[in-house]
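Worksheet: the structure to be examined is printed underneath.
The values are calculated or read from the model by the stated rules, or taken from the named source; none is laboratory data. None of the values given here were measured: they were computed from a predicted structure. Glycine gets a Cβ as well: all are built from the backbone with ideal geometry, and neighbour counts include every protein chain shown.
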Amino acid sequence: MKSKYLCLGLFVALLSYQCETVDERFLVGADHVGPLAKNSAMEQLETLFSQDSVVRDSVQSILGGALTKVSVFEKGGSPLLKFRPSADSVQTVAHVQILDPRYLTDKGVGLHSTFKQIRDNYEIKKVVTSLGNVVVFLKDSPVYFTIDKNELPDNLRYTNKPVEAVQIPDDAQLKFMMVGWE
């Protein structure tokens, strides 16, 4: 009888552990976003995202100019990622905008996270204030987050004065999640 409960307990523990891990296809790390590596060439996107639709900026293609952005959509049409290339002669991915909330860091932070989840899991390097947003940069990570100023207290929404991390409410929702390798 004890072995029956022991087996059941081990099964439940294993199941809960698997539920907490992030799917590798949607894992965001310091040197990768899903299957995309930090040094991946822009020309590799079709191969890396072969199960999805890769859409290049058609205006730049028609005009023969340098590639400025590439988007990836699921086959059903839902947006996943947007890429901007580096300015190098061999274009690698310089910036990634994450559009799908399934993309998470190894600590479970993603587009549906709050500022509290960022603060509890990462050390904040700096907060940069812009006209309509604040951008939160992490220490020792290329991942950064944008929070709309409408998530801030009234006295911070309509000013360009610097905002500090302690002034951002815990429940502030993320507007953008980005990875910058350049």
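Computed quantities for the displayed model
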read-out	value
Of residues in the range 157-178 being over 29 Å from D31 (Cα atoms) and either crowded, with 18+ Cβ neighbours inside 10 Å or at pLDDT 95 or above (or both), the one farthest from the chain's Cα centre (by Cα)	Q167
Among the candidates L111, L174, L104, L152, residue that is out of contact with any Lys or Arg (no Cβ under 8 Å at 6 or more places or on another chain) and within 17 Å of L36 (Cα to Cα)	L104
Failed condition for D106, given (1) crowded, with 17+ Cβ neighbours inside 10 Å; (2) under 16 Å from the mean Cα position of the chain (by Cα)	(1)
Only one of K82, K139 that is closer than 24 Å to E24 by Cα, within 19 Å of the chain's Cα centre (by Cα) and loosely packed, with under 12 Cβ neighbours inside 10 Å	K139
Any chance K126 is free of Cβ contacts under 8 Å to residues at least 12 places away in the same chain and in contact with a Phe, Trp or Tyr (Cβ under 9 Å, 6 or more places away or on another chain)	yes
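Here is a yes/no grid of residues against (1) at pLDDT below 95; (2) closer than 26 Å to I147 by Cα:
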position: R25; (1), (2): yes, yes
position: V28; (1), (2): no, yes
position: Q51; (1), (2): yes, no
position: S58; (1), (2): yes, no
position: F73; (1), (2): no, yes
position: P85; (1), (2): yes, yes
position: L99; (1), (2): no, yes
position: R102; (1), (2): no, yes
